[in-house]
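Colleague: Attaching a single structure in structure tokens format; questions to follow.
The values are calculated or read from the model by the stated rules, or taken from the named source; none is laboratory data. Because the structure is a prediction, the values reported are computed rather than measured. So basically every Cβ, Gly included, is an ideal-geometry build from the backbone, and we count neighbours across all protein chains shown.
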There are 2 protein chains.
Amino acid sequence: MTTYAKLDRASLEKEYETLLNAYNEYKAKGLSLDMSRGKPGSDQLDLSQGMFSLLEAAESCYSDDGIDYRNYGILDGIADAKKLFADMLELPYNNIIVCGNSSLNLMYDAVARCMLYGVDQNATPWVKQGNIKFLCPAPGYDRHFAICQSLGIEMIAVPMTKNGPDMDVVEALVSADASIKGIWCVPKYSNPEGVTYSDETVRRFARLKPLAKDFRVFWDNAYVIHDLYDEGDQLLNLQKEVAGTENEDMVYEFTSTSKISFPGAGISCVASSAKNIAFIKSIMTVQTIGFDKLNMVRHVKFFKNLDGVKRHMKRHAEIMRPKFEAVLTLFDKELAPYGVADWTVPRGGYFISLNVEKGCAKRVFQLMKEAGVVMTSAGATFPYGNDPDDKNLRIAPSYPPLAEIKLAAEILVVCVRLAAIEKYLAE
Amino acid sequence: MTTYAKLDRASLEKEYETLLNAYNEYKAKGLSLDMSRGKPGSDQLDLSQGMFSLLEAAESCYSDDGIDYRNYGILDGIADAKKLFADMLELPYNNIIVCGNSSLNLMYDAVARCMLYGVDQNATPWVKQGNIKFLCPAPGYDRHFAICQSLGIEMIAVPMTKNGPDMDVVEALVSADASIKGIWCVPKYSNPEGVTYSDETVRRFARLKPLAKDFRVFWDNAYVIHDLYDEGDQLLNLQKEVAGTENEDMVYEFTSTSKISFPGAGISCVASSAKNIAFIKSIMTVQTIGFDKLNMVRHVKFFKNLDGVKRHMKRHAEIMRPKFEAVLTLFDKELAPYGVADWTVPRGGYFISLNVEKGCAKRVFQLMKEAGVVMTSAGATFPYGNDPDDKNLRIAPSYPPLAEIKLAAEILVVCVRLAAIEKYLAE
């Protein structure tokens, strides 16, 4: 077989008819599949079920020195949970606040706090600085972009490379425009591309010279430990790089156990410089008396330590890896020969990024939808939902069972090829 | 014995010496007691321990129609939890959003949302309206006041009466000043006085004519079901009163199970008009993917329904009532005869409000502290920590065991009388 670009019109039409027949057969099945969100499968959630049998006795709810975790108090989280996240992020224990079930909520709160109060007690609130902007490496995470859009923060898309955001662009923008206050990053197994920022990228982040003194890097380390293979990607530790430099307070880091234990019932943390942590706590103590410490106890009793988490993540990988590989194998077999798409091959995280022919992503989404397969909306990976090339699609292979993800991928390759031929025939 | 006011100087000095000896004996014990916060005792928390044995089997984490509650989704909470809060608040199911462990966080978010977005999609954000103000019935809850202070909202104290806030004052202020945007209320068993707003007070709230169209009542129904006696106070349902009127969207109501199940590990809710709930959800969906549904499942499985909660609250009352009665009995015996204080006699909630001689609250707090008893700071029950008469103290009898609360109260009456005599002698 040859690439579609080299086929004549008659061959393309014949191929289209063959594919359309296949598509209609899928469609006739009346399927209902969902590969839209980065949700673990139920078999992954079963791995943590044992967590719910650990607090039966009242004594299990006390600290070694007699603190009753069932009661109010301890704003920044129980010591053992702080230790667990500190080990996971390779950061000092004192730079961690352990919070509730949602790191997204921590990120929203971090932006809202800067809006209402500024980055510290001497800063001007962002709401009082006129129009402000965030850099948004794209493709990226739609929920990050939604925070900016909701709060009226202008978003500037920055191209992603295989080493992370294009740092030439980032450096040029932040050093020239004081209204640029932040950048969203998923530095390891990025959403959706699965790219891990290179050491050089991280070092360039550490050495940024933002014109805005209240510029902040929102470092969403959501997939810090979410390897699909024994040899995971290695991410340089940005907070270690900035420690002791003039950029020491530039980074807010976030992570959670949402994809380690339970989505929506895990624990999360924010990690930052001592100065930032102190300021965050000074506002947080007004927001809440404290987060759910019993859920923290469940997590530390269940995982015990970082090694426990790592062992647990290998079990997740055993479930996830075949799903990723099924999709990628099919792409190699059923997309590669036709020259109508390229995609990333992540070694961790929850997503595969698929670039179809320019102008075809929305059409592929529509074809998939009509065949009963829900995907992340085309465009969602760009600020304002606007993919200028209309080519990027986020593939989330984790949630459906393996047989279903294979079926969904089979339909997807047909749709990608159909859309490409439609484009060629229209030209 | 006669009231101190009628004693001559010599008698006062003699009485002072006797009391001082008693005080010094207490002090010599090196006590460490805490009656500062409205925390349940550990025996109360034991009542809900069974909640932690309900999710051992994966099947227990699914809804009847197969939704896996361990995964993402369901922003407004699981149906059974919405039903439980709807029954508790006597409000329609659809007017409820069930959230995380902290109703305080919901209140903070409600104010922050109004600051950043305004009360609805067509409103002007409060941050863009210059100086804004809240009415603060006082004595009141220090954490409400802290939210205003943190966000730079000016606080105007409104006197409390035995029927709730002085509605003459409230009506006059809100109808005359468009910069008054809110009022904090704990309408049942108010913090700290244990006052339940009268029907007439609630009806006057319902009929308010605020000059600010974006004026909101923050109705913190924290003690909705927290009766000490079989016959609890009855609170008129404000949201039912405003339904269908021009004030339909004026009320944000909050409650939680923090003092039903576990402080910091319960579930909370916000209840409001359909229009408000829709707007809140439109912002909330940017803040988080959802709250901890498994903790909601624990609660509904454990309590089953409103009757289950009511039975459970009777067990709390059996533990709390003797503590309240011990304090009140001692006040009757050791304070009443001397005419140096008055106090409330709540039939529910977590607090007793004690008014000592004018100008003496800080002194009593100090004396207690030196004797090893931590109380809520004098002044904390007023905006800006400023009790103009320096006379109000909040008594929280719930946390220490009965023997300790008796001892703390014994010391307290001595301190109140000491401080009063000091004042008389200095005049």
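Colleague: Given the structure, is A:LEU335 within 22 Å of the chain's Cα centre (by Cα) and touching a residue at least 40 places away in the same chain (Cβ under 8 Å)?
Modeller: Spelling it out, it is not the case that A:LEU335 is within 22 Å of the chain's Cα centre (by Cα) and touching a residue at least 40 places away in the same chain (Cβ under 8 Å).
Colleague: Kindly indicate whether any position in the stretch A:297-317 is within 14 Å of chain B (Cβ to nearest Cβ), of a type in the set (A, V, I, L, M, F, W, C) and within 26 Å of A:LYS213 (Cβ to Cβ).
Modeller: So far as the stretch A:297-317 goes, no, none of its residues is within 14 Å of chain B (Cβ to nearest Cβ), of a type in the set (A, V, I, L, M, F, W, C) and within 26 Å of A:LYS213 (Cβ to Cβ).
Colleague: Wholly within the stretch B:1-105, which helices (runs of 4 or more DSSP H) include no fewer than the required count, namely at least 3 residues that are within 14 Å of chain A (Cβ to nearest Cβ)?
Modeller: B:42-46
Colleague: Then there is this: When you go through B:ASN101, B:ASN94 one by one, which is the residue that is of a type outside the set (Val, Ile, Thr), in the same structural domain as B:LEU238 (by TED's automatic domain parsing) and closer than 30 Å to B:SER377 by Cβ?
Modeller: Details: B:ASN94 fails: closer than 30 Å to B:SER377 by Cβ.
Only one candidate passes the filter, namely B:ASN101.
To keep it simple, each residue is scored yes or no on (1) over 19 Å from the mean Cα position of the chain (by Cα); (2) surrounded by fewer than 22 Cβ atoms within 10 Å (Cβ to Cβ); (3) among the aromatic types (Phe, Trp, Tyr).
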{"position": "B:GLN366", "(1), (2), (3)": "yes, yes, no"}
{"position": "B:THR376", "(1), (2), (3)": "no, yes, no"}
{"position": "B:GLY379", "(1), (2), (3)": "no, yes, no"}
{"position": "B:ALA409", "(1), (2), (3)": "yes, no, no"}
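Matching residues to (1) outside the structural domain of A:ARG417 (by TED's automatic domain parsing); (2) buried (at least 18 other Cβ atoms within 10 Å of the Cβ):
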| site | (1), (2) |
| --- | --- |
| A:TYR26 | no, yes |
| A:ASP34 | no, no |
| A:GLY38 | no, yes |
| A:MET51 | yes, yes |
| A:GLU59 | yes, no |
| A:ASP68 | yes, yes |
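Colleague: If you don't mind, there's one more thing I want to ask. Residue check, B:VAL286 against (1) β-branched (Val, Ile, Thr); (2) more than 14 Å from chain A (Cβ to nearest Cβ); (3) without any contact (Cβ under 8 Å) to a residue 40 or more places away in the chain, all met but one. Which one?
Modeller: Result: B:VAL286 passes all but (2).
Colleague: Restricting to the stretch A:259-274, name every residue that is assigned to a loop (DSSP other than H, G, I, E, B) and either away from chain B (no Cβ under 12 Å) or in contact with a helix residue (DSSP H, G or I) (Cβ under 7 Å, 6 or more places away or on another chain) (or both). Lay out the reasoning, then the answer.
Modeller: Restricting attention to the stretch A:259-274, the residues satisfying the condition of being assigned to a loop (DSSP other than H, G, I, E, B) are A:259-267, A:272-273.
Matches in the stretch A:259-274: A:ILE260, A:SER261, A:PHE262, A:GLY264, A:ALA265, A:ILE267, A:SER272, A:SER273.
Colleague: A further question follows. As an exercise: evaluate B:TRP126 against (1) aromatic (Phe, Trp, Tyr); (2) farther than 29 Å from B:ALA265 by Cα; (3) more than 11 Å from every other protein chain (Cβ to nearest Cβ) and give the number of the one condition it does not meet.
Modeller: Every condition holds for B:TRP126 apart from (3).
Colleague: With A:ASP177, A:ASP168 as the choices, which residue is under 30 Å from B:LYS128 (Cβ atoms) and of a type in the set (Asp, Glu)?
Modeller: A:ASP177
Colleague: Further, regarding this structure: Which residue out of A:SER272, A:SER261, A:SER256 is in contact with a Phe, Trp or Tyr (Cβ under 7 Å, 6 or more places away or on another chain), surrounded by 21 or more Cβ atoms within 10 Å (Cβ to Cβ) and either without any contact (Cβ under 8 Å) to a residue 12 or more places away in the chain or not aliphatic (A, V, I, L, M) (or both)?
Modeller: Details: A:SER261 fails: in contact with a Phe, Trp or Tyr (Cβ under 7 Å, 6 or more places away or on another chain); A:SER256 fails: in contact with a Phe, Trp or Tyr (Cβ under 7 Å, 6 or more places away or on another chain).
On inspection, the qualifying residue turns out to be A:SER272.
Colleague: Kindly indicate whether any position in the stretch B:380-396 is within 21 Å of B:LYS14 (Cβ to Cβ), in contact with a Lys or Arg (Cβ under 9 Å, 6 or more places away or on another chain), in contact (Cβ under 8 Å) with a residue 24 or more places away in the chain and of a type in the set (A, V, I, L, M, F, W, C).
Modeller: No, that holds for no residue.
Colleague: Taking the stretch B:374-427 as the region of interest, how many residues are hydrophobic (A, V, I, L, M, F, W, C) and over 26 Å from B:PHE262 (Cβ atoms)?
Modeller: Total satisfying the criteria: 17.
Colleague: Applying the selection to the stretch B:135-154, what residues are touching a helix residue (DSSP H, G or I) at 6+ places or on another chain (Cβ under 9 Å) and away from chain A (no Cβ under 14 Å)? Working first, answer last.
Modeller: Looking only at the stretch B:135-154, we keep the residues that are touching a helix residue (DSSP H, G or I) at 6+ places or on another chain (Cβ under 9 Å), and these are B:135-138, B:140, B:142-154.
Answer for the stretch B:135-154, where residues must be touching a helix residue (DSSP H, G or I) at 6+ places or on another chain (Cβ under 9 Å) and away from chain A (no Cβ under 14 Å): B:LEU135, B:CYS136, B:PRO137, B:ALA138, B:GLY140, B:GLU154.
Colleague: Hey, another quick one. Against the conditions (1) buried (at least 17 other Cβ atoms within 10 Å of the Cβ); (2) at pLDDT 95 or above, where does A:ASP342 fall short? Just the number, please.
Modeller: So A:ASP342 meets the others, but not (1).
Colleague: Got a number for residues in the stretch B:106-131 being within 27 Å of B:GLU193 (Cα to Cα) and part of a loop (DSSP other than H, G, I, E, B)?
Modeller: Step one: of the stretch B:106-131, the residues within 27 Å of B:GLU193 (Cα to Cα) are B:106-111.
Keeping just the survivors that are part of a loop (DSSP other than H, G, I, E, B) gives none.
The qualifying residues number 0.
Colleague: Give me the residue from the stretch A:155-203 that is in contact (Cβ under 8 Å) with a residue 40 or more places away in the chain and of a type in the set (Lys, Arg) and, out of that set, nearest to the other protein chains (Cβ to nearest Cβ).
Modeller: Filtering first and then ranking leaves A:LYS181.
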